[in-house]
Amino acid sequence: MIVLSISIREAKSNEIKKNISTVRKMTKGMGFDENMGNVNWKMVRIISSIGYRFMPKEKGVRFKKIILGKRKALLSEYGDTDDRNIILYIHGGGFVSGSGTSSKGYSSMLAKYSGNKVISLDYSLSPEHKYPDALMDCCIVFREIRKRYPTSKIALVGESAGGNLCLALALKVKDKSNISAVIVHSPFVDFSGSLDRSKHEIDDFTVKEGCLIPLCDIYVGKRNLKNPFISPLFGDFRGFPPTFITCDYNETLYADSSAIYKKCEEAGVDAEMVVMKGTFHAFATIGTGTSETKQLLKENIDFINKHL
């Protein structure tokens, strides 16, 4: 029996309000808008990496830098873990920033509360590397995990650009049974401009609608914008793994999350979606930082472990 559900919630805690204030300060001048094509992303990465060092990490989680298929990755473990279940976490950052190491905070939460190994990879960033480099890095790491842990079950987790790469990777893997579950937070799924974003009120201070055109040039270049591995909106979701989607009600990429839920529904895929009002883009990666995201983290972990 196919399981489908959409939950709409309102964020009311003081913690979420503090986080909104913090994120506003952190993202000021970052350039996820119509001017992002003119930003010195190398410098932004340096500045943001310093900020990420202060992000809270779960106590007791062990971190180890590893190499998978010549690609750098970070292994996060808590307590006694075995090789039966693995979470492959693909970080966000607009295809231009972020790394496995900078995502230690969320990786540590996934590791501690799931009890599974978490592997967070460093994929090639734009504008130095355009499609398909980032996706190929994800494919290489995924194949290496399958090789090293042949009997393990794998769940994919990612936000924003990482959500795009999770969906594209799951579409690209021919044997979908190799992936037990997909968790995507505020995924970007359409470079072609096919989604009508005017039907929904947008109030997004992190990823502004104006960034979509320069982002296309930065990441895609002169390629087919309806390629499902670029724009998962156009993928064939028949046989797709069970999927959990989160987004903010007023963010730019609300339409993307809704479209993927609809694709799952039409293809007969188990899908759950949580739409939160009063948060921000990719808010779910706060994890235990607020009562709302702590609940969502538990639901994500329950969803992963159910299908693992």
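The values are calculated or read from the model by the stated rules, or taken from the named source; none is laboratory data. Only a predicted model underlies this, so the values are computations on that prediction, with no experimental measurement involved. FYI the Cβ positions are ideal-geometry reconstructions off the backbone, even for glycines, and counts take in every protein chain you see. Remember, those area values only see protein heavy atoms, side chains included, never the ligands or the DNA or RNA. Shrake-Rupley method; radii C 1.70, N 1.55, O 1.52, S 1.80 Å.
Looking at this structure, is Val182 in contact with a strand residue (DSSP E or B) (Cβ under 6 Å, 6 or more places away or on another chain), under 26 Å from Thr206 (Cβ atoms) and among the β-branched types (Val, Ile, Thr)? Considered against the rule, which asks whether it is in contact with a strand residue (DSSP E or B) (Cβ under 6 Å, 6 or more places away or on another chain), under 26 Å from Thr206 (Cβ atoms) and among the β-branched types (Val, Ile, Thr), Val182 comes out as yes.
Quick one: would you say Asp122 is at pLDDT below 90, surrounded by fewer than 22 Cβ atoms within 10 Å (Cβ to Cβ) and not β-branched (Val, Ile, Thr)? Write out each step before concluding.
Values: at pLDDT below 90: no; surrounded by fewer than 22 Cβ atoms within 10 Å (Cβ to Cβ): yes; not β-branched (Val, Ile, Thr): yes.
Here the answer is no, as Asp122 does not meet what is asked.
Screening Leu88 against (1) open to solvent by less than 20 Å² (accessible area, probe 1.4 Å); (2) part of a helix (DSSP H, G or I) leaves a single unmet condition, (2).
Screening His129 on (1) open to solvent by 20 Å² or more (accessible area, probe 1.4 Å); (2) under 24 Å from Pro228 (Cβ atoms); (3) in contact with a Gly (Cβ under 9 Å, 6 or more places away or on another chain) shows it passes everything except condition (3). Would you be able to say whether some residue in the range 182-189 is farther than 27 Å from Ile16 by Cβ, at pLDDT 95 or above and crowded, with 17+ Cβ neighbours inside 10 Å? No, the range 182-189 contains no residue that is farther than 27 Å from Ile16 by Cβ, at pLDDT 95 or above and crowded, with 17+ Cβ neighbours inside 10 Å. The listed residues are Ile286, Ile301, Ile213, and the only one of them that is open to solvent by less than 10 Å² (accessible area, probe 1.4 Å), aliphatic (A, V, I, L, M) and either assigned to a helix (DSSP H, G or I) or on the phi > 0 side of the Ramachandran plot (or both) turns out to be Ile301.
Of all residues in the range 216-244, those satisfying the criterion of being of a type in the set (Phe, Trp, Tyr) and either open to solvent by 40 Å² or more (accessible area, probe 1.4 Å) or modelled with pLDDT under 95 (or both) are Phe229, Phe234. Against the test of being surrounded by 13 or more Cβ atoms within 10 Å (Cβ to Cβ), under 25 Å from Lys294 (Cβ atoms), out of contact with any strand residue (DSSP E or B) (no Cβ under 6 Å at 6 or more places or on another chain) and of a type in the set (S, T, N, Q), the options Ser21, Ser13, Ser97, Ser76 yield a single qualifying residue, Ser13. Out of Phe32, Phe95, one residue alone is in a loop (DSSP other than H, G, I, E, B), of a type in the set (A, V, I, L, M, F, W, C) and modelled with pLDDT under 90. It is Phe32.
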